[in-house]
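The values are calculated or read from the model by the stated rules, or taken from the named source; none is laboratory data. Given the structure is predicted, the values throughout are model-derived calculations rather than measurements. In this analysis, Cβ positions are derived from the backbone assuming ideal geometry, glycine residues included, and neighbour counts consider all displayed protein chains. When the accessible area is computed, the model is the full protein with side chains, heavy atoms only, and any ligands, DNA or RNA have been set aside. Shrake-Rupley method; radii C 1.70, N 1.55, O 1.52, S 1.80 Å.
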Amino acid sequence: DMSRKTLSNYLYRDSVPVSILLHFFDDVDDLCARVPSDIQLGVKRNNVHINRWIDLDETLATLLGYFAAEGFTRDQDELQADKDVRQTTISATESEAREFALDAFETVFDANPYEENDSKITASGHLLALVFEEVFECGVRAAEKRVPRQLFTAPQEVVAAYLGGYLSGDGDVD
């Protein structure tokens with residue numbers, strides 16, 4: 001049961017929740033098979049929208065490498081108790097690395113990153129944090145960090161970009 005106002009809002013925003021779409025399909029696999037490739041995914045009350053398909057190219061691989069070396073995701077609720085804010089942060093002391101992270105978050109994920117301070121680039125968004133945590137399974141903290149499984153079948157130049165980001169981001173071979 002949906003009100004006319006709610007339906008109008010979905011149509012105005014050109015956005016329909018998955019929970020509603022599931023009513024029209026047999027299961028999640030059927031829904032995924034029929035949803036157009038060019039849609040963007042979003043989360044309610046979140047300004048980040050991510051393409052349904054993300055290309056693992058050299059830019060994203062380098063960003064993932066930086067994340068493996070000096071990145072983390074976090075809940076920001078301790079500072080803003082009334083808001084559920086998720087953040088993805090990459091620590092980068094070199095200006096070139098910070099500029100790269102700013103540009104990569106924008107171009108790959110259409111996010112709005114900012115310089116938290118002179119050594120951190122942060123992008124807010126629950127969906128963005130989930131991409132790093134669940135899609136690429138990068139890990140949240142140092143002890144949990146993993147090489148994304150997608151890299152094991154990636155072209156050599158993409159793997160090289162990941163390693164370059166990792167080593168540039170203060171990575172260590174130990």
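Worth pointing out:
- Other-chain or far-sequence residues with amide H under 5 Å of Leu41's (modelled H): Ile50, Asn51, Arg52
- Difference of contour (0.36 nm per residue) and Cα-Cα distance, Asn112 to Tyr12: 33.7 nm
- Check: the chain dipole with +1 on Lys, Arg Cβ and -1 on Asp, Glu Cβ, in debye: 720
- Integer Hz, Karplus 6.51/-1.76/1.60 couplings in order for region 146-158, x for Gly and Pro: 9, 6, x, 4, 5, 6, 5, 10, 7, x, 4, 5, 6
- A simple charge model with +1 on the Cβ of Lys and Arg, -1 on the Cβ of Asp and Glu and nothing else charged puts the dipole of region 3-42 at about 400 debye relative to its Cα centre.
- Taking the 1.4 Å solvent-accessible surface of the chain as the whole, the part contributed by carbon and sulfur is 49%.
- Convex hull of Cα atoms in the chain, direction-averaged projection (nm²): 12.3
- Measuring gaps between exposed loop sites in the chain (trypsin sites (Lys or Arg not before Pro); DSSP loop; at most 14 other Cβ atoms within 10 Å), the longest gap, sites not included, is 84-140.
- Database remark: amide H of Gly71 closer than 5 angstrom to the amide H of Ser91 (H placed geometrically; neighbours at sequence offset of 5 or more, or on other chains; Pro and chain starts carry no H).
- Lys/Arg +1, Asp/Glu -1 at C-beta; region 17-174 dipole; positive extreme among Val147, Pro36, Leu60: Pro36
- Based on alpha carbons, the Rg and Dmax found for region 108-174 are 13.2, 36 Å.
- Residue-normalised accessible area of the chain, given per residue in Å² at a 1.4 Å probe: 65
- Charge dipole of the chain about the Cα centre (unit charges at C-beta), most positive-ward option of Tyr10, Gln87, Leu127: Tyr10
- Per-residue ellipticity at 222 nm computed for the chain from its helices equals -11000 deg cm²/dmol, with DSSP H segments shorter than 4 residues left out and the rest contributing -39,500 (n - 2.57).
- Karplus-derived 3J(HN,Hα) values for region 85-99, using 6.51 cos²θ - 1.76 cosθ + 1.60 with θ = phi - 60°, are 10, 9, 10, 10, 10, 10, 7, 8, 7, 7, 4, 4, 5, 5, 4 Hz; glycine and proline are entered as x.
- Region 39-138: chymotrypsin sites (Phe, Trp or Tyr not before Pro) in DSSP coil with no more than 10 other Cβ atoms inside 10 Å: Trp53
- Each residue of region 115-127 was assigned a 3J(HN,Hα) from its phi angle through the Karplus curve 6.51 cos²θ - 1.76 cosθ + 1.60 (θ = phi - 60°); the sequence is 7, 5, 7, 6, 9, 9, 10, 10, 10, 8, x, 4, 5 Hz, with glycine and proline shown as x.
- Magnitude of the charge dipole, region 103-162, Cβ model with Lys/Arg +1 and Asp/Glu -1, debye to 20: 340
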